[in-house]
Structures are given as C-alpha cells and as structure tokens.
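Here, each number is a calculation from the coordinates, and none is a lab measurement. Treat the numbers as computed from the prediction; the structure is a model and nothing was measured. Positions of Cβ are backbone-derived with ideal geometry, glycine not excepted, and every protein chain shown enters the neighbour counts.
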Amino acid sequence: MLNADVRQLEYFVAAADAGSYSSAAKVLYVSPQAVSKSVQALERHLGVMLFDRGPNGISLTEFGRQFRERASELLDAFGQLEAMADDYRHQHTEAVSVGIHSLCFREHGGTIDWNDLLLFHEEHCEIDTSFIEMRGGSIVEDVAKGSLDFGISVLPTECPVDVDGILLRSFPLAALVSGDRFLAGKQQVSIEDLRTGQLVLFSEEDSFNNRLIEEAAREQVVYDVSPLRIRADSDMGFLLNRNLFSVRPLQHARRTTMSDAMRILPIVNGKGESVEIALYLIWHQSRLLSESDRTLIDVIVGMYRPV
C-alpha cells in the first residue's frame, strides 16, 4: 500500500509542472527545501526515482511521467471529495450570529473571554457561529430587525415587543470620580449625592445611560449632563479636579481603572440599595429555538452563572 500523504503528491505534481523546486515553492508558498524534502520522502516510500537531478535542475524520469499523470488524477479526486464535504457541511451547518456588547469582554472589564468563544466554535463545528463585538443600541435594533440572531446587551426602557430573552446577570453600578475634591470622603454615593456633579454620558449607549437617569427620576433628582460623550474605554484623566462623574458597572470600573487619582464609588438609591443594571441574552420572539440554539444559550448563561 502506498505510504504517502496528499501533501507529498501535491508537492511532487507542483515541482513536475513548474520544472524546479524553487518555482514550485513560490506557487505553494513554502520553501524550496520543503518541496525537495517532500519529493525525496515520496521517492523513498515508492522505492523509485521520480526526477533526474542534474546541474540544470530536475526532469521527470520515465516512471515519474507516468506517476505524475495518476497523481494529478488522484489530487483532482481529493479536490472533488473536499468540495462534496464542503457542500454537505454548508447544508447541515446552522449559521448563527451573536452580537456582544463591548463592555462584556474581559479586556474591557467584563466576563467574556474571546478564547472561550473560540473554544465553543471548535467544539461545536455543526454551528457556524459568528461572535461580533458591537455597541449596545445597535444590538437590540439588529435583533429586532432579524439581521442578528442573538445579542448580549442592556435593554432599552422601551424594548421592542418582538424581542425575547433571558436575564444573564445584574451588575451594581459605580460612579467614577476625581479622587481629591468631588465627593471627598465618600465610600459609596447616593443618587442624591451625585446631583452636585455633572454626568458624563457614553456615546451611542442610550440604554446604559438611561438606567441611572431613570432611577434618579424616581427620586425626583435631575442630573446636569456634561456636553461630553465618551467611549467606555476613553481615558478618564479629564475628570481630575472637576465635579464630573462617569458611570460604570462596578466590576468594569475595578478591572479597568488604573489611576490612583480616580475613585470608584458604588451607587445606592434612597433606600440604601445598590443601583444595578441588567444584562440580557436576547433573540427575536419569532425564532424557534433549535437544539444548536439551546446549546449556545446554555454556554453563554454558564459564563455568567457558573456552577
């Protein structure tokens, strides 16, 4: 039985067609040495020389010419088999897209590790999954429109009625403030305490911004809003020596705030209860959840509710 792999046949045919190892190497995007060693290994397996080697390069032996013809046919057959497998996989693989809020990722202070998503993709090859880092507002809109299968995000106050989902976890909110003057001496702050400062909002994150504003409205507190709108990963140095504050999930703030000049103050309501923001896994209400969908949901829920 022929003890040769497809790559050896591929390298041999490429060298035969190109007339030299160096020319074949350029076509294959490998080194000439790799082509030469592969051909030599194939010749050892066969016990027959495929090329005559001389000062002017390589040329096929009589047997090499016969072998090249059959090897080409075999490579064509392998190509057809691969195409057949690709067609079958596409017909039997469920494509699923998942939009994930930027703050959910570990590098931004969140819970999700990209490596865990890659591991899921490798372990569940029957699901053609796309994991997409997105802004919060666009996630809910795209799920409602049907252009995104699943989303992990904060929900707006007026959530589209055709969106369904499951609560993953509620996160306490914290105010990020300058460490010297504003709210000096505080270990936590109330909604009323924050009235003395200006709130710096996130850009393109109305659902997140509205959580604290709506909670304050229930206590008849209205915040003065700064003209600045920032990204979650923006440098917070401009807050120093100003009565400005930005709101973050407490977990995010503790993991990402590096400056000793900044203080992280948990926010409580008038009853002394932690003000929290809820994170959901959502999908369109009309979606009939398949077995693959439920597998994905279980894995995502497990990231936020470890046993």
Given H placed on each backbone N at 1.01 Å, which residues far from residue 133 in sequence or on other chains put an amide H within less than 5 Å of it?
100
Determine ³J(HN,Hα), in whole Hz, for all residues of segment 264-269 in sequence, where each value follows from phi through the Karplus function 6.51 cos²θ - 1.76 cosθ + 1.60 and θ = phi - 60°; x replaces Gly and Pro.
10, 10, x, 9, 10, 8
For the chain, the longest principal axis of the Cα atoms and the Cα long axis of helix 6-18 enclose an angle in degrees, to the nearest 10, of 60 degrees
In whole Å, what is the distance between the alpha-carbon centres of segment 28-99 and segment 242-305?
51 Å
Enumerate the amide H contacts of residue 19 below 5 Å, restricted to partners 5 or more residues apart or on another chain; note that Pro and chain-start residues carry no placed amide H.
none
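Within segment 244-298, which trypsin sites (Lys or Arg not before Pro) sit in a loop by DSSP and count at most 10 neighbouring Cβ atoms inside 10 Å?
Answer by residue number: 271.
Compute the FRET efficiency between residue 291 and residue 121 as 1/(1 + (r/R0)^6), taking r as their Cβ-Cβ distance and R0 = 22 Å, and round to the nearest 0.05.
Values: r = 17 Å, r/R0 = 0.77.
Here the calculated transfer efficiency is 0.85.
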Segment residue 261-residue 34, length gained on full extension (0.36 nm per residue, minus Cα span)
76.0 nm
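In percent, how large is the relative contact order of the chain, given Cα pairs closer than 8 Å and 6 or more residues apart? Present the calculation step by step, with values, prior to reporting the outcome.
Numbers: 481 pairs, mean separation 59.3, N = 307.
Across the chain, relative contact order equals 19 percent.
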What residue among 304, 51, 173 has its Cα farthest toward the positive end of the dipole of the chain, where the charges are +1 on Lys, Arg and -1 on Asp, Glu, each on the Cβ?
173
What order do you get for 45, 284, 124 when you list them from fewest to most C-beta neighbours inside 10 Å?
45, 124, 284
Furthest towards positive pole of dipole, 256, 146, 208, structure part the chain, Cβ charges
256
Note down the magnitude of the dipole of segment 72-130 about its Cα centre, charges +1 on Lys and Arg C-beta and -1 on Asp and Glu C-beta and zero elsewhere, to the nearest 20 debye.
320 debye
log₁₀ I(q)/I(0) of segment 139-287 at q = 0.10, 0.12, 0.15, 0.17 Å⁻¹, via Debye over equal Cα point scatterers, no solvent, to two decimals?
-0.37, -0.53, -0.78, -0.96
Return one number: the angle in degrees, 0 to 90 and rounded to the nearest 10, between the long axis of the Cα atoms of helix 32-46 and the longest principal axis of the Cα atoms of the chain.
50 degrees
Asserting the computed 222 nm helical MRE of the chain (DSSP H runs at least 4 long, -39500 (n - 2.57) per run, divided by residue count, to nearest 500) equals -12500 deg cm²/dmol
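In debye, nearest 20, what is the charge dipole magnitude of the chain about its Cα centre with +1 on Lys and Arg Cβ and -1 on Asp and Glu Cβ, if you could check?
Values: 29 positive and 45 negative charges, 235 e Å.
The dipole of the chain has a size of about 1120 debye.
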Under 5 Å from the placed amide H of residue 201, counting only residues 5+ away or on other chains, we find 226, 230
Note down the magnitude of the dipole of segment 6-86 about its Cα centre, charges +1 on Lys and Arg C-beta and -1 on Asp and Glu C-beta and zero elsewhere, to the nearest 20 debye.
360 debye
Under 20 Å between alpha carbons, and skipping anything fewer than 8 positions from residue 271 in its own chain: which lysines qualify?
186
